[in-house]
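First the structure, in the form of C-alpha coordinates, and then the observations on it.
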Amino acid sequence: MAQPKTYALAAGTVFTAFAIGYVMQFGLPGLNDPSEPIEVSGIVDTAAPAGLEDSAPALATAGAFPTLPQESRPAPALQRASVEVAAVEGQSTSDAILPKDVPSAGFDCAISATAEPGAAAMVMLALDAPCHGSERVTVHHNGLMFTETVQPDGTLSLDVPALAETAVFIFSFGSGDGAIAQAQVSSLAFYDRVALQWRGDSGLGLHAREAGADYFADGHVWAGSRGTIEAAARGEGGFLARLGDTHAPEALIAEIYSFPAGTAPAEAEVALSVEAEITASNCGQDLDAQMIERRGEAALSVQDIELAMPECDAVGDFLVLDAMVRDIEVASN
(Lines give C-alpha, C1' and ligand atoms only; values in the text may rest on other atoms or scores of the structure.)
Protein backbone atom coordinates (compact mmCIF):
# COMPACT_ATOMS: atom_id res chain seq x y z
CA MET A 1 0.00 0.00 0.00
CA ALA A 2 1.36 3.44 -0.93
CA GLN A 3 2.56 5.56 1.95
CA PRO A 4 0.84 8.91 2.69
CA LYS A 5 4.04 10.71 1.70
CA THR A 6 3.78 9.24 -1.80
CA TYR A 7 0.39 10.88 -2.30
CA ALA A 8 1.70 14.16 -0.95
CA LEU A 9 4.64 14.06 -3.36
CA ALA A 10 2.33 13.41 -6.29
CA ALA A 11 0.18 16.39 -5.35
CA GLY A 12 3.28 18.51 -4.81
CA THR A 13 4.50 17.74 -8.33
CA VAL A 14 1.53 19.58 -9.83
CA PHE A 15 2.25 22.63 -7.67
CA THR A 16 5.96 22.44 -8.53
CA ALA A 17 5.40 22.44 -12.28
CA PHE A 18 3.12 25.47 -12.02
CA ALA A 19 5.41 27.35 -9.64
CA ILE A 20 8.60 27.01 -11.68
CA GLY A 21 6.82 27.86 -14.92
CA TYR A 22 5.26 30.96 -13.37
CA VAL A 23 8.53 32.17 -11.86
CA MET A 24 10.48 31.70 -15.09
CA GLN A 25 7.83 33.47 -17.21
CA PHE A 26 6.62 36.27 -14.93
CA GLY A 27 9.30 36.55 -12.24
CA LEU A 28 8.67 36.45 -8.52
CA PRO A 29 5.23 37.72 -7.46
CA GLY A 30 5.29 40.75 -5.17
CA LEU A 31 9.00 41.41 -5.71
CA ASN A 32 9.28 45.18 -6.23
CA ASP A 33 13.04 45.27 -5.85
CA PRO A 34 14.65 42.60 -8.09
CA SER A 35 17.69 42.44 -5.81
CA GLU A 36 15.66 41.89 -2.62
CA PRO A 37 16.70 38.67 -0.82
CA ILE A 38 14.26 35.79 -1.18
CA GLU A 39 14.12 32.71 1.01
CA VAL A 40 12.74 29.43 -0.33
CA SER A 41 12.68 25.82 0.76
CA GLY A 42 11.98 22.49 -0.85
CA ILE A 43 14.42 22.87 -3.78
CA VAL A 44 16.21 19.63 -4.64
CA ASP A 45 19.70 19.47 -6.14
CA THR A 46 18.90 17.33 -9.17
CA ALA A 47 22.53 17.53 -10.31
CA ALA A 48 24.05 15.74 -7.33
CA PRO A 49 25.39 12.28 -8.20
CA ALA A 50 24.08 9.27 -6.33
CA GLY A 51 25.38 9.12 -2.78
CA LEU A 52 26.25 12.82 -2.56
CA GLU A 53 22.80 14.26 -1.96
CA ASP A 54 20.67 13.89 1.15
CA SER A 55 17.56 11.77 1.10
CA ALA A 56 15.16 14.69 0.50
CA PRO A 57 12.52 13.63 -2.04
CA ALA A 58 13.24 14.60 -5.65
CA LEU A 59 10.22 15.61 -7.72
CA ALA A 60 12.03 16.12 -11.04
CA THR A 61 12.15 13.84 -14.02
CA ALA A 62 15.54 12.11 -14.11
CA GLY A 63 17.99 13.79 -16.45
CA ALA A 64 21.12 15.89 -16.69
CA PHE A 65 19.67 19.28 -17.54
CA PRO A 66 16.53 21.26 -16.62
CA THR A 67 13.52 22.10 -18.73
CA LEU A 68 13.23 25.52 -20.31
CA PRO A 69 9.94 27.41 -19.95
CA GLN A 70 7.36 26.01 -22.38
CA GLU A 71 7.45 29.00 -24.73
CA SER A 72 11.26 28.66 -25.10
CA ARG A 73 11.40 24.96 -26.00
CA PRO A 74 11.61 24.21 -29.72
CA ALA A 75 10.47 20.59 -29.33
CA PRO A 76 9.23 18.26 -26.57
CA ALA A 77 12.19 15.95 -27.19
CA LEU A 78 14.51 18.55 -25.62
CA GLN A 79 12.93 18.15 -22.19
CA ARG A 80 15.39 16.71 -19.67
CA ALA A 81 14.48 17.61 -16.09
CA SER A 82 12.74 20.26 -14.05
CA VAL A 83 13.80 22.38 -11.10
CA GLU A 84 11.62 22.07 -8.03
CA VAL A 85 10.35 25.06 -6.10
CA ALA A 86 8.16 23.48 -3.45
CA ALA A 87 7.69 26.50 -1.22
CA VAL A 88 8.32 30.21 -1.64
CA GLU A 89 8.27 32.28 1.51
CA GLY A 90 4.67 33.21 2.20
CA GLN A 91 3.22 30.19 0.39
CA SER A 92 2.11 26.97 2.00
CA THR A 93 2.82 23.48 0.73
CA SER A 94 2.81 19.88 1.88
CA ASP A 95 5.10 19.05 4.79
CA ALA A 96 6.21 16.00 2.81
CA ILE A 97 8.28 18.13 0.43
CA LEU A 98 9.87 20.45 2.94
CA PRO A 99 13.54 19.88 3.88
CA LYS A 100 13.91 17.65 6.88
CA ASP A 101 16.74 19.63 8.50
CA VAL A 102 15.65 21.84 11.41
CA PRO A 103 17.83 24.86 12.36
CA SER A 104 19.66 24.52 15.64
CA ALA A 105 18.15 26.45 18.51
CA GLY A 106 19.58 29.95 18.77
CA PHE A 107 21.27 29.85 15.35
CA ASP A 108 19.85 31.43 12.20
CA CYS A 109 20.11 29.03 9.26
CA ALA A 110 18.04 31.16 6.87
CA ILE A 111 19.30 31.11 3.28
CA SER A 112 19.12 34.23 1.12
CA ALA A 113 20.40 35.33 -2.28
CA THR A 114 20.69 38.63 -4.13
CA ALA A 115 21.18 39.48 -7.81
CA GLU A 116 22.49 42.78 -9.21
CA PRO A 117 22.78 43.65 -12.94
CA GLY A 118 26.26 44.53 -14.15
CA ALA A 119 28.15 45.51 -17.28
CA ALA A 120 27.77 43.44 -20.48
CA ALA A 121 24.41 42.00 -19.32
CA MET A 122 26.07 40.10 -16.50
CA VAL A 123 24.42 39.47 -13.13
CA MET A 124 26.36 39.59 -9.87
CA LEU A 125 25.01 36.88 -7.56
CA ALA A 126 25.58 36.59 -3.82
CA LEU A 127 24.41 33.64 -1.70
CA ASP A 128 24.38 33.49 2.10
CA ALA A 129 23.75 30.00 3.51
CA PRO A 130 25.35 29.91 6.99
CA CYS A 131 24.42 26.28 7.68
CA HIS A 132 25.68 24.96 4.32
CA GLY A 133 29.37 25.84 4.42
CA SER A 134 31.59 23.93 1.94
CA GLU A 135 28.56 22.20 0.38
CA ARG A 136 27.86 21.84 -3.33
CA VAL A 137 25.04 23.96 -4.72
CA THR A 138 23.51 23.90 -8.17
CA VAL A 139 22.54 27.17 -9.86
CA HIS A 140 19.63 27.16 -12.33
CA HIS A 141 18.83 29.95 -14.81
CA ASN A 142 16.55 29.61 -17.85
CA GLY A 143 17.77 26.12 -18.70
CA LEU A 144 21.37 26.85 -17.68
CA MET A 145 22.54 24.62 -14.83
CA PHE A 146 25.94 24.44 -13.14
CA THR A 147 27.45 23.21 -9.87
CA GLU A 148 29.42 25.41 -7.46
CA THR A 149 30.88 24.86 -3.98
CA VAL A 150 29.95 27.26 -1.18
CA GLN A 151 32.71 28.84 0.88
CA PRO A 152 33.31 27.45 4.40
CA ASP A 153 31.41 30.42 5.87
CA GLY A 154 28.37 29.64 3.73
CA THR A 155 28.81 32.46 1.21
CA LEU A 156 29.17 32.36 -2.57
CA SER A 157 29.71 35.19 -5.05
CA LEU A 158 29.83 34.84 -8.81
CA ASP A 159 29.02 36.65 -12.05
CA VAL A 160 26.69 34.94 -14.53
CA PRO A 161 25.66 36.01 -18.06
CA ALA A 162 21.91 36.64 -18.12
CA LEU A 163 19.79 34.67 -20.58
CA ALA A 164 16.59 36.65 -19.94
CA GLU A 165 15.87 40.32 -19.24
CA THR A 166 13.91 39.24 -16.18
CA ALA A 167 16.68 36.99 -14.92
CA VAL A 168 15.65 34.49 -12.22
CA PHE A 169 18.34 32.42 -10.48
CA ILE A 170 17.64 29.40 -8.28
CA PHE A 171 20.20 28.02 -5.81
CA SER A 172 19.58 24.36 -4.97
CA PHE A 173 21.20 22.31 -2.18
CA GLY A 174 21.06 18.53 -1.94
CA SER A 175 19.08 18.75 1.32
CA GLY A 176 16.20 20.49 -0.42
CA ASP A 177 17.10 23.95 0.93
CA GLY A 178 17.63 26.81 -1.50
CA ALA A 179 17.08 30.42 -2.45
CA ILE A 180 15.89 32.50 -5.40
CA ALA A 181 17.14 35.87 -6.65
CA GLN A 182 15.99 38.04 -9.54
CA ALA A 183 17.40 40.97 -11.50
CA GLN A 184 16.25 43.10 -14.43
CA VAL A 185 18.91 43.10 -17.18
CA SER A 186 17.93 45.76 -19.71
CA SER A 187 21.21 45.56 -21.65
CA LEU A 188 20.71 41.93 -22.69
CA ALA A 189 19.16 43.00 -26.02
CA PHE A 190 22.60 44.16 -27.19
CA TYR A 191 24.22 40.71 -26.82
CA ASP A 192 24.07 37.37 -28.61
CA ARG A 193 24.82 34.45 -26.30
CA VAL A 194 25.68 30.80 -26.87
CA ALA A 195 25.98 28.41 -23.91
CA LEU A 196 27.37 24.88 -23.85
CA GLN A 197 26.80 22.72 -20.76
CA TRP A 198 27.80 19.22 -19.77
CA ARG A 199 28.51 17.00 -16.78
CA GLY A 200 31.93 15.95 -15.46
CA ASP A 201 35.27 15.79 -17.28
CA SER A 202 33.99 15.64 -20.84
CA GLY A 203 36.81 17.42 -22.66
CA LEU A 204 34.25 19.69 -24.34
CA GLY A 205 34.78 23.37 -24.99
CA LEU A 206 33.23 26.29 -26.85
CA HIS A 207 35.40 28.21 -29.32
CA ALA A 208 34.74 31.57 -31.01
CA ARG A 209 37.02 33.00 -33.70
CA GLU A 210 36.21 36.64 -34.29
CA ALA A 211 36.86 38.47 -37.59
CA GLY A 212 38.53 35.44 -39.19
CA ALA A 213 41.05 34.95 -36.39
CA ASP A 214 43.31 31.91 -36.52
CA TYR A 215 43.42 29.44 -33.66
CA PHE A 216 45.30 30.78 -30.62
CA ALA A 217 45.71 34.21 -32.23
CA ASP A 218 44.11 37.47 -31.14
CA GLY A 219 40.38 37.16 -31.60
CA HIS A 220 40.23 33.44 -30.73
CA VAL A 221 38.06 33.33 -27.60
CA TRP A 222 38.01 30.09 -25.63
CA ALA A 223 38.67 28.79 -22.11
CA GLY A 224 42.38 29.56 -22.47
CA SER A 225 41.79 33.13 -23.68
CA ARG A 226 38.41 34.38 -22.52
CA GLY A 227 38.33 37.99 -23.69
CA THR A 228 37.13 40.74 -21.36
CA ILE A 229 33.81 42.13 -20.22
CA GLU A 230 35.24 45.63 -20.60
CA ALA A 231 35.93 45.12 -24.32
CA ALA A 232 32.45 43.67 -24.84
CA ALA A 233 30.83 46.63 -23.07
CA ARG A 234 32.62 48.90 -25.57
CA GLY A 235 31.41 46.77 -28.51
CA GLU A 236 34.96 45.69 -29.37
CA GLY A 237 34.73 41.90 -28.99
CA GLY A 238 33.20 38.97 -27.19
CA PHE A 239 34.06 37.12 -24.01
CA LEU A 240 33.64 33.66 -22.53
CA ALA A 241 32.40 32.84 -19.03
CA ARG A 242 33.10 29.40 -17.57
CA LEU A 243 30.86 28.35 -14.68
CA GLY A 244 31.00 25.36 -12.37
CA ASP A 245 33.45 23.83 -9.90
CA THR A 246 35.48 21.27 -11.85
CA HIS A 247 36.76 19.81 -8.55
CA ALA A 248 33.27 18.78 -7.42
CA PRO A 249 32.34 15.16 -8.28
CA GLU A 250 30.15 14.87 -11.38
CA ALA A 251 29.76 18.64 -11.49
CA LEU A 252 27.67 20.38 -14.13
CA ILE A 253 29.88 22.78 -16.10
CA ALA A 254 28.87 25.52 -18.52
CA GLU A 255 30.65 27.84 -20.93
CA ILE A 256 28.83 30.91 -22.27
CA TYR A 257 30.14 33.03 -25.14
CA SER A 258 28.76 36.58 -25.39
CA PHE A 259 29.14 38.90 -28.37
CA PRO A 260 27.97 42.56 -28.44
CA ALA A 261 25.97 42.17 -31.65
CA GLY A 262 23.96 45.33 -30.93
CA THR A 263 26.95 47.64 -30.41
CA ALA A 264 29.69 46.22 -32.69
CA PRO A 265 30.89 49.26 -34.69
CA ALA A 266 31.26 47.53 -38.07
CA GLU A 267 30.30 44.38 -39.90
CA ALA A 268 31.43 41.44 -37.82
CA GLU A 269 31.47 37.68 -38.13
CA VAL A 270 32.25 35.10 -35.48
CA ALA A 271 32.97 31.47 -36.35
CA LEU A 272 31.64 29.26 -33.55
CA SER A 273 32.44 25.61 -32.88
CA VAL A 274 32.15 22.94 -30.22
CA GLU A 275 35.38 21.02 -29.75
CA ALA A 276 36.14 17.89 -27.77
CA GLU A 277 39.57 16.70 -26.71
CA ILE A 278 39.88 12.91 -26.68
CA THR A 279 41.20 11.97 -23.24
CA ALA A 280 41.76 8.80 -21.24
CA SER A 281 38.61 9.58 -19.24
CA ASN A 282 36.25 10.07 -22.19
CA CYS A 283 37.63 7.87 -24.97
CA GLY A 284 35.20 5.23 -26.15
CA GLN A 285 32.40 6.89 -24.16
CA ASP A 286 29.14 8.51 -25.21
CA LEU A 287 28.99 12.17 -24.18
CA ASP A 288 25.80 14.13 -23.55
CA ALA A 289 25.75 17.91 -23.63
CA GLN A 290 23.32 20.70 -24.35
CA MET A 291 23.53 24.02 -26.17
CA ILE A 292 21.38 27.07 -25.40
CA GLU A 293 21.34 30.07 -27.72
CA ARG A 294 19.91 33.56 -27.49
CA ARG A 295 20.12 35.62 -30.67
CA GLY A 296 18.72 39.15 -30.65
CA GLU A 297 15.04 39.27 -29.71
CA ALA A 298 14.40 35.61 -30.54
CA ALA A 299 13.37 33.17 -27.82
CA LEU A 300 15.95 30.83 -26.37
CA SER A 301 16.65 27.76 -28.48
CA VAL A 302 18.03 24.47 -27.21
CA GLN A 303 19.93 21.67 -28.91
CA ASP A 304 20.87 18.35 -27.32
CA ILE A 305 24.28 16.93 -28.25
CA GLU A 306 25.03 13.22 -28.21
CA LEU A 307 28.61 12.43 -29.17
CA ALA A 308 30.27 9.03 -29.50
CA MET A 309 33.95 9.55 -28.71
CA PRO A 310 36.63 7.63 -30.65
CA GLU A 311 38.47 4.74 -29.06
CA CYS A 312 41.41 5.29 -26.75
CA ASP A 313 44.11 4.97 -29.41
CA ALA A 314 43.04 8.48 -30.47
CA VAL A 315 43.83 10.09 -27.10
CA GLY A 316 45.28 13.57 -27.64
CA ASP A 317 43.32 14.30 -30.80
CA PHE A 318 40.46 16.79 -31.07
CA LEU A 319 37.00 16.60 -32.60
CA VAL A 320 35.84 19.89 -34.16
CA LEU A 321 32.07 20.19 -34.49
CA ASP A 322 31.74 23.41 -36.47
CA ALA A 323 28.31 22.51 -37.85
CA MET A 324 26.85 22.15 -34.36
CA VAL A 325 26.23 25.90 -33.88
CA ARG A 326 25.48 28.79 -36.24
CA ASP A 327 28.10 31.50 -36.68
CA ILE A 328 27.30 35.03 -35.52
CA GLU A 329 26.96 37.52 -38.35
CA VAL A 330 26.40 41.20 -37.66
CA ALA A 331 25.53 43.79 -40.31
CA SER A 332 26.99 47.27 -40.07
CA ASN A 333 25.25 49.32 -37.39
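Examine segment 287-302 for a residue that is hydroxyl-bearing (Ser, Thr, Tyr) and either open to solvent by less than 30 Å² (accessible area, probe 1.4 Å) or in contact with a strand residue (DSSP E or B) (Cβ under 8 Å, 6 or more places away or on another chain) (or both), and state whether such a residue exists.
Step one: list which residues in segment 287-302 are hydroxyl-bearing (Ser, Thr, Tyr), which gives 301.
Restricting the remaining residues to those that are either open to solvent by less than 30 Å² (accessible area, probe 1.4 Å) or in contact with a strand residue (DSSP E or B) (Cβ under 8 Å, 6 or more places away or on another chain) (or both) gives 301.
Yes.
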Of (1) without any contact (Cβ under 8 Å) to a residue 24 or more places away in the chain; (2) more than 15 Å from Glu210 (Cα to Cα); (3) in contact with a Leu (Cβ under 9 Å, 6 or more places away or on another chain), Ala298 satisfies every one except (3)
Among residues of segment 231-272 being at pLDDT below 95 and among the polar types (S, T, N, Q), the residue surrounded by the fewest Cβ atoms within 10 Å (Cβ to Cβ) is Thr246
Only unsatisfied item for Arg294, checking (1) in contact with a Lys or Arg (Cβ under 6 Å, 6 or more places away or on another chain); (2) at pLDDT below 95, is (2)
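Considering only residues that are open to solvent by 10 Å² or more (accessible area, probe 1.4 Å) and outside any helix (DSSP H, G or I), which ones fall in segment 111-121?
Ile111, Ser112, Thr114, Glu116, Pro117, Gly118
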The correct count of residues that are closer than 19 Å to His220 by Cα and among the aliphatic types (A, V, I, L, M) in segment 244-264 is 4
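Could you please find all residues in segment 137-164 being part of a strand (DSSP E or B) and of a type in the set (S, T, N, Q)? Working first, answer last.
Taking segment 137-164 and keeping what is part of a strand (DSSP E or B), we get 137-141, 144-149, 155-161.
Those that are part of a strand (DSSP E or B) and of a type in the set (S, T, N, Q): Thr138, Thr147, Thr149, Thr155, Ser157.
Looking only at residues that are in a loop (DSSP other than H, G, I, E, B) and at pLDDT 85 or above in segment 313-333, which one is most open to solvent (accessible area, probe 1.4 Å)? Break it down stepwise before answering.
From segment 313-333, those in a loop (DSSP other than H, G, I, E, B) are 315-317, 322-327, 331-333; that's our starting set.
Adding the requirement that they be at pLDDT 85 or above leaves 315-317, 325-327.
On the way: Val315: 74, Gly316: 42, Asp317: 85, Val325: 8, Arg326: 145, Asp327: 56 Å².
In this case the residue turns out to be Arg326.
Quick check, is Pro310 under 22 Å from Trp198 (Cα atoms) and either of a type in the set (Gly, Ala, Ser) or open to solvent by 10 Å² or more (accessible area, probe 1.4 Å) (or both)? Lay out the reasoning, then the answer.
Numbers: under 22 Å from Trp198 (Cα atoms): yes; either of a type in the set (Gly, Ala, Ser) or open to solvent by 10 Å² or more (accessible area, probe 1.4 Å) (or both): yes.
In short, yes.
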The condition of being open to solvent by 10 Å² or more (accessible area, probe 1.4 Å), among the acidic types (Asp, Glu), touching a strand residue (DSSP E or B) at 6+ places or on another chain (Cβ under 8 Å) and touching a residue at least 60 places away in the same chain (Cβ under 8 Å) holds, among Asp177, Asp201, only for Asp177
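The values are calculated or read from the model by the stated rules, or taken from the named source; none is laboratory data. Quantities reported herein were computed from a predicted structural model and do not represent experimental measurements. All Cβ positions, even for glycine, are placed from backbone atoms using ideal geometry, and neighbour counts span all protein chains on display. Surface accessibility is based on the protein's heavy atoms, side chains included, excluding ligands, DNA and RNA. Shrake-Rupley method; radii C 1.70, N 1.55, O 1.52, S 1.80 Å.
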